[in-house]
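Before any comments, here is the structure.
The values are calculated or read from the model by the stated rules, or taken from the named source; none is laboratory data. For clarity, every value in this text was computed on a predicted model and none was experimentally measured. Cβ placement follows ideal geometry from the backbone for every residue including glycine, while neighbour counts extend to all protein chains displayed. Accessible surface is based on the protein model in full, side chains and every heavy atom, while ligands, DNA and RNA are left aside. Shrake-Rupley method; radii C 1.70, N 1.55, O 1.52, S 1.80 Å.
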Amino acid sequence: VDANFEVLFVSPTDLDVIWSPRPHLGLSLNSAGNTSQIYAGLTWEWDFWESAFAGFSLGGAVHDGKNRTDELDRKELGCRVLFRESINAGYRIDRNHSVMLQLDHISNAKLCSTNEGLESIGIRYGYRF
């Protein structure tokens, strides 16, 4: 089980030329002592219908997992610093609360000798301050 904490910031006006993405910082902690990560990047999000939204993010991550291993139940991620992408779809319950389904992926895009990558899927709760 992973616990995920993420902060989304307001989009700076300088990013209007690329459809106003919101900078984010996040942390995923694995409860079994396997791969945890800290990450940052940009998130694009669009509202549709009344309260539904969807989005994706691009950025980078630093992990504490295995770069190389002989353990069959662990991934060989190849590099300490990886690319990170995610997609999500959600529902805004009200002005401050939302729930969403999220899929994220980290990998090195074959820049290192091994590149098994790591995916996580889960349900997230969001609170807007």
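Hey, can you tell me all the residues within the range 1-43 that are under 21 Å from Thr69 (Cβ atoms) and in contact (Cβ under 8 Å) with a residue 40 or more places away in the chain?
Answer for the range 1-43, where residues must be under 21 Å from Thr69 (Cβ atoms) and in contact (Cβ under 8 Å) with a residue 40 or more places away in the chain: Asp2, Ser28, Asn34, Thr35, Gln37.
Looking at the range 1-21, is at least one residue of a type outside the set (Lys, Arg), in a loop (DSSP other than H, G, I, E, B) and modelled with pLDDT under 95?
Filtering the range 1-21 for residues of a type outside the set (Lys, Arg) gives 1-21.
Right, trim to in a loop (DSSP other than H, G, I, E, B) and you get 1, 9-12, 19-21.
When the remaining residues are screened for being modelled with pLDDT under 95, the result is 1.
Checked against the condition, which is being of a type outside the set (Lys, Arg), in a loop (DSSP other than H, G, I, E, B) and modelled with pLDDT under 95, the range 1-21 yields at least one hit.
Hey, can you tell me all the residues within the range 101-129 that are of a type in the set (A, V, I, L, M, F, W, C) and in contact (Cβ under 8 Å) with a residue 40 or more places away in the chain? Spell out how you get there, then give the answer.
Step one: of the range 101-129, the residues of a type in the set (A, V, I, L, M, F, W, C) are 101, 103, 106, 109, 111-112, 118, 121, 123, 129.
Answer for the range 101-129, where residues must be of a type in the set (A, V, I, L, M, F, W, C) and in contact (Cβ under 8 Å) with a residue 40 or more places away in the chain: Ile106, Cys112, Leu118.
Quick one: count up the residues across the range 114-129 that are aromatic (Phe, Trp, Tyr) and either surrounded by 17 or more Cβ atoms within 10 Å (Cβ to Cβ) or in a loop (DSSP other than H, G, I, E, B) (or both). Full working, then the answer.
Let us first name the residues in the range 114-129 that are aromatic (Phe, Trp, Tyr), namely 125, 127, 129.
If we keep only those that are either surrounded by 17 or more Cβ atoms within 10 Å (Cβ to Cβ) or in a loop (DSSP other than H, G, I, E, B) (or both) as well, we get 129.
Of the residues in the range 114-129, 1 are aromatic (Phe, Trp, Tyr) and either surrounded by 17 or more Cβ atoms within 10 Å (Cβ to Cβ) or in a loop (DSSP other than H, G, I, E, B) (or both).
Tally time: how many residues in the range 75-98 are open to solvent by less than 70 Å² (accessible area, probe 1.4 Å) and basic (Lys, Arg)?
Just the residues of the range 75-98 that are open to solvent by less than 70 Å² (accessible area, probe 1.4 Å), to begin with: 76-79, 82, 84-86, 88-90, 92, 96-98.
Checking which are basic (Lys, Arg) leaves us with 84, 92.
Going through the range 75-98 one residue at a time, the tally reaches 2.
Can you tell me how many residues in the range 44-65 are in a loop (DSSP other than H, G, I, E, B) and open to solvent by 70 Å² or more (accessible area, probe 1.4 Å)?
From the range 44-65, those in a loop (DSSP other than H, G, I, E, B) are 49-51, 64-65; that's our starting set.
Then keep just the ones that are open to solvent by 70 Å² or more (accessible area, probe 1.4 Å); that gives 49-50, 64.
Residues flagged as in a loop (DSSP other than H, G, I, E, B) and open to solvent by 70 Å² or more (accessible area, probe 1.4 Å) within the range 44-65 amount to 3.
Let me confirm something: among Leu72, Leu111, Leu101, Leu15, which residue is among the aliphatic types (A, V, I, L, M), over 10 Å from the mean Cα position of the chain (by Cα), over 24 Å from Val1 (Cβ atoms) and open to solvent by 60 Å² or more (accessible area, probe 1.4 Å)?
Testing whether each residue is among the aliphatic types (A, V, I, L, M), over 10 Å from the mean Cα position of the chain (by Cα), over 24 Å from Val1 (Cβ atoms) and open to solvent by 60 Å² or more (accessible area, probe 1.4 Å) leaves just Leu111.
List, please: which pairs have Cβ atoms under 7 Å, are six or more places apart or on different chains, and start with a residue in the range 67-91 that is within 12 Å of His105 (Cβ to Cβ) and end with one that is surrounded by fewer than 18 Cβ atoms within 10 Å (Cβ to Cβ) and aliphatic (A, V, I, L, M)?
Phe83/Ala109; Glu85/Leu58; Ser86/Leu103; Ile87/Leu103
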